[in-house]
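Have a look at the structure below, then the notes.
The values are calculated or read from the model by the stated rules, or taken from the named source; none is laboratory data. All figures in this text were calculated on a predicted structure; none of them were measured in a lab. Positions of Cβ are generated from backbone atoms using ideal geometry, with glycine treated the same way; all protein chains shown enter the neighbour counts. To get the accessible areas, we keep the full protein, side chains included, count just its heavy atoms, and leave off ligands, DNA and RNA. Shrake-Rupley method; radii C 1.70, N 1.55, O 1.52, S 1.80 Å.
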Amino acid sequence: MGKILVVDDERDVETLITQRFRRAVRSGELEFLFAHDGQEALATLRAEPDIDMVLSDINMPGMDGLTLLDHLPQVNTDIRAVMVSAYGDLGNIRAAMNRGAFDFIVKPIDFADLEATIHKTLEACRTVRKLRAALQETRTAEAASRAQAERLRRVLDTSPIGVSILTEEGELLYCNQRCLDLFGTTPDAMREHGAVALHRHVEARGLDPAGSHMVLEKERGDIETVRNDEIQFVRDDGRAVWMIVSFDHTVYEGRAVYIVWLHDITERKVQAEALRRAKDSAEKALSDLERMQGDLIRAEKMAVIGQLIAAVAHEINTPVGIALTAATHLQNASESIILTFQGGLLRKSDFQEYVGTASEVSSLLVTNIERAAALIQSLKLVTEGKASSPRSRFDLREYLADIILAVRVQPAAAGHELRLDCPEGLLLDTYPGALTEVLIALLTNAFAHAFDAGRGGRVTVTARLLDEERVELRVADDGRGIPPEILPRLFQPFATTRRGAGSMGLGLYAVFNLVTGKLAGEIDVESVPGCGTGFILRLPLDVP
């Protein structure tokens with residue numbers, strides 16, 4: 001029977017494991033104990049010394065899994081720890097393996113993989129315990145019978161872990177078949193090449209006083225242990241094999257030797273490298289996606305601004321044309337009255353007629369020139385209203401009036417009513433360029449999405465003071481509303497109800513970023529199908 005301690009702060013893990021392994025528990029094949037942090041796990045290990053294996057999460061409150069790993073050798077040197085971590089947590093996985101973890105499981109847990117790992121770990125525990133028991137018998141009875149030695153040899157020969165015995169001088173006294181398989185060689189070649197590599201590593205570890213493992217103290221004759229070093233060996237066939245190496249310094253058949261245990265981790269290394277490459281690939285793909293997304297957002301904003309500029313420029317032609325016609329008419333009338341005056345034929349009625357014409361034409365000129373000036377001002381607001389423009393202090397009502405004037409002349413606004421409700425004297429100290437982009441995007445979005453073709457509607461821009469520090473801007477329409485399935489992800493990239501009509505779904509995503517970033521505010525949306533939509537902006541009067 002295998003006794004396993006599961007350490008995880010998620011209570012649901014206990015239920016899942018109990019359900020998944022209920023048959024093995026019922027048959028007595030496995031027994032599970034549960035703890036919810038490192039401290040509780042240590043207490044359980046001290047109370048239950050026959051626990052074979054620890055299955056522990058890495059990230060836990062209190063004592064985490066890595067700290068628990070450091071304490072395990074002080075409680076039970078034979079226990080094997082399998083750590084649970086996420087795919088992207090390669091740093092923690094590597095730290096766990098360096099601290100003595102036997103294996104790891106990635107989240108989300110694949111229970112088939114977990115079951116195989118449990119059986120493999122318990123088998124290794126049983127094998128190592130058998131080997132230790134056999135070796136302990138040889139230490140206490142150096143004159144043991146040949147039958148006892150043969151039994152030990154059989155256990156070693158069938159071990160799933162590579163085992164070799166080296167003298168302190170580097171002579172290979174024994175290696176089992178698994179060891180030969182790992183090195184991909186014959187017994188003779190193992191003595192010439194593999195033993196040299198193992199002995200070089202053992203000696204290097206024994207002479208490294210700054211190492212993280214225990215140091216061999218040969219002069220005192222102490223039996224010391226080094227566990228879970230990683231080495232790479234290139235076989236004759238060119239294949240690189242990664243192994244975890246542990247070794248004991250002990251006495252075998254009257255000689256001081258090192259017993260070296262070898263566990264193949266090549267597949268694990270391949271998986272870790274694959275995870276690293278997948279992580280790098282995912283990060284690059286994310287970077288490319290963010291860059292592409294930024295390019296699309298800029299393109300969509302420029303398209304909206306271009307449409308506004310074209311509409312305003314078109315509208316300017318009308319008052320300028322009227323003003324030019326009126327000025328030409330006034331010029332002709334002036335030339336005629338001058339000729340009449342110079343010929344001495346000027347009558348009072350002629351002069352009165354000219355004065356009436358001049359007054360009427362002058363009024364017409366002033367009206368149309370003022371209209372053109374307002375349109376030019378709105379065009380200037382649009383062309384200069386970039387998000388990077390400097391912050392300034394301005395009157396909100398005047399600012400909103402210019403915005404509405406610029407938007408009203410675009411073709412999409414034809415047939416719709418555009419209203420402004422804003423009190424006078426409301427001053428904002430913020431970034432007008434960023435706010436211009438936000439408001440133009442919301443207004444053009446309303447004209448593009450809120451109303452059915454051929455149906456006029458009303459769009460209202462409302463401003464009110466919330467408190468001493470904030471103002472609320474509301475852009476509301478009486479259109480068809482937003483479908484409920486779109487509403488929760490409205491400010492996410494590529495969310496749109498008009499995918500096939502040329503809309504990319506990036507306008508509101510850009511609006512959200514500007515409002516919550518540059519303008520340091522909040523944005524919400526209220527919508528009921530058939531009853532219209534309202535976008536609510538809450539902005540600081542004085543942006544931080």
Peptides ranked, highest mean first, by Cβ atoms within 10 Å: ranges 442-452, 101-111, 329-339:
442-452, 101-111, 329-339
Counting heavy atoms of the protein chains only and a 1.4 Å probe, report the per residue accessible area for region 52-147 as a whole number of Å².
45 Å²
For region 423-494, what is the largest minus smallest coordinate of the Cα atoms on each principal axis, given in angstrom and ordered from greatest to least?
39, 28, 23
Could you give each residue of region 254-270 its phi-based ³J(HN,Hα) in whole Hz, using Karplus coefficients 6.51, -1.76, 1.60 with θ = phi - 60°, and x for Gly or Pro?
x, 10, 6, 9, 10, 9, 10, 9, 10, 10, 6, 10, 4, 4, 5, 4, 4
Pairs of Cα atoms farther than 18 Å apart, region 1-103, %
44 percent
Given R₀ = 30 Å, FRET efficiency for ASP12-ALA43 by Cβ-Cβ distance, to 0.05?
0.85
Out of residues 5 or more away from LEU30 or on other chains, whose amide H comes under 5 Å of its own, with H placed 1.01 Å from N in the peptide plane?
GLY2, VAL25
Between GLN342 and ARG397, what FRET efficiency comes out of the Förster formula 1/(1 + (r/R0)^6) with R0 = 51 Å and r the beta carbon distance, rounded to 0.05?
0.45
Hey, what do the phi angles of region 53-67 turn into as Karplus ³J(HN,Hα) couplings, whole Hz, using 6.51/-1.76/1.60 and θ = phi - 60°, x for Gly and Pro?
8, 10, 10, 10, 6, 8, 8, 9, x, x, 7, 7, x, 5, 5
XL table LYS120/LYS269; LYS3/LYS130; LYS120/LYS279; LYS107/LYS279; Cα-Cα > 20 Å flagged, in table order, is LYS120/LYS279
Per-peptide average of other Cβ atoms within 10 Å, ordering 31-40, 128-137 highest first:
31-40, 128-137
Please identify every one of the GluC sites (Glu not before Pro) in region 420-500 that sits in a loop by DSSP and has no more than 15 other beta carbons within 10 Å of its own beta carbon.
GLU424, GLU468, GLU469, GLU485
Could you run the Karplus curve 6.51 cos²θ - 1.76 cosθ + 1.60 with θ = phi - 60° over region 514-523 and give me ³J(HN,Hα) per residue in whole Hz, x for Gly and Pro?
5, 5, 7, x, 4, 8, 6, x, 10, 9
Taking amide H positions as placed in the peptide plane 1.01 Å from N, state which residues far from ALA35 in sequence (5 or more) or on other chains have amide H under 5 Å from it.
VAL6, VAL7, ASP8
